[in-house]
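Single-structure report; data block below.
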């Protein structure tokens, strides 16, 4: 059983919803990323998505775009990102780590080399934003052979055929984009989200994690009713951007702790 599967089983058994924060590797400082990862866990994160900086992050809004730019300017790259996971694993063997990014850096390294180093470093899953599942069969097979979870996106515009395909090939969890647009957008319709997640759940038992549009405790709590976990990215990256170096970690921990309390302030399992 993978670490991701184990975490979702534990959450289900306890009647809790998962909290998955996203941060960009190397932002705001390369030396701080592993500290940030540990702070997220200490504050209640169940799993961490670690963003691989890329020069053209087409699915990301301005907040995460700026984070990628800052990290790249400091010399951040994919290999360093993998080394960060390995360093994190020296003191945390439990919390799952999912790498989230774009195809170009992975293909530049070489798919087989990337998967081998990712596995050795302690990565648990990979989400490549610009890899539609039907166009990356080989990559998916290599990940699964190495024991890593291929994670795919579904959105409000996903067709029934795409939902069925993603349900078939995904493992770990399915990332459901709660609204149309880029990361950091708002105006999520909870009823529409629930309708689509119900359609996804009819096709698979793989957990669903909802991201995009979650910016505070109330939106996290509301949308968690439709999924096994919620993902927070842009708001968290914004906090890191706005905080001074000496208050950064505490600001992050206070925010994540608030979300954790909101998620735990409910009982029962999904229908």
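What follows draws every value from the coordinates through simple rules; no lab data is involved. Not measured: the values here are computed from a predicted model. Ideal geometry is used to build each Cβ from the backbone, glycine not excepted, and the neighbour counts take in all protein chains shown.
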Packing rank of 150-158, 167-175, where each peptide gets the mean count of other beta carbons within 10 Å, highest leading: 167-175, 150-158
Give me the log10 of I(q) over I(0) for the chain at q = 0.11, 0.15, 0.16 Å⁻¹, as the Debye formula computes it from C-alpha points; what are the numbers? -0.54, -1.10, -1.29
Order of 127, 72 - criterion: other Cβ atoms within 10 Å of each residue's Cβ, fewest first: 72, 127
Please work out how much length the chain gains when fully extended from residue 244 to residue 203, using 0.36 nm per residue of separation minus the C-alpha to C-alpha distance, in nm with one decimal. 10.2 nm
With 10 angstrom as the radius, rank 58, 109 by how many other C-beta atoms surround their C-beta, starting from the fewest. 58, 109
Using the C-alpha atoms of segment 68-147, what convex hull volume per residue, in cubic angstrom, is computed? 96
Report the calculated FRET efficiency for residue 93 and residue 113 (r = Cβ-Cβ distance, R0 = 22 Å), to the nearest 0.05. 0.40
Ranking request for peptides 256-263, 89-96, 223-230: highest mean number of other beta-carbon atoms within 10 Å first, then the rest in descending order. 223-230, 256-263, 89-96
Using just the Cα positions, wrap segment 16-117 in a convex hull and report its mean projected area in square nanometres, one decimal place. 6.8
Among 137-148, 205-216, the order from most to least packed when residues are scored by Cβ within 10 Å on average: 205-216, 137-148
Computed over segment 3-264: relative contact order in percent, which uses C-alpha pairs under 8 Å that are six or more apart: 22
Taking the Cα centre of each part, how many Å lie between segment 72-115 and segment 1-47? 15
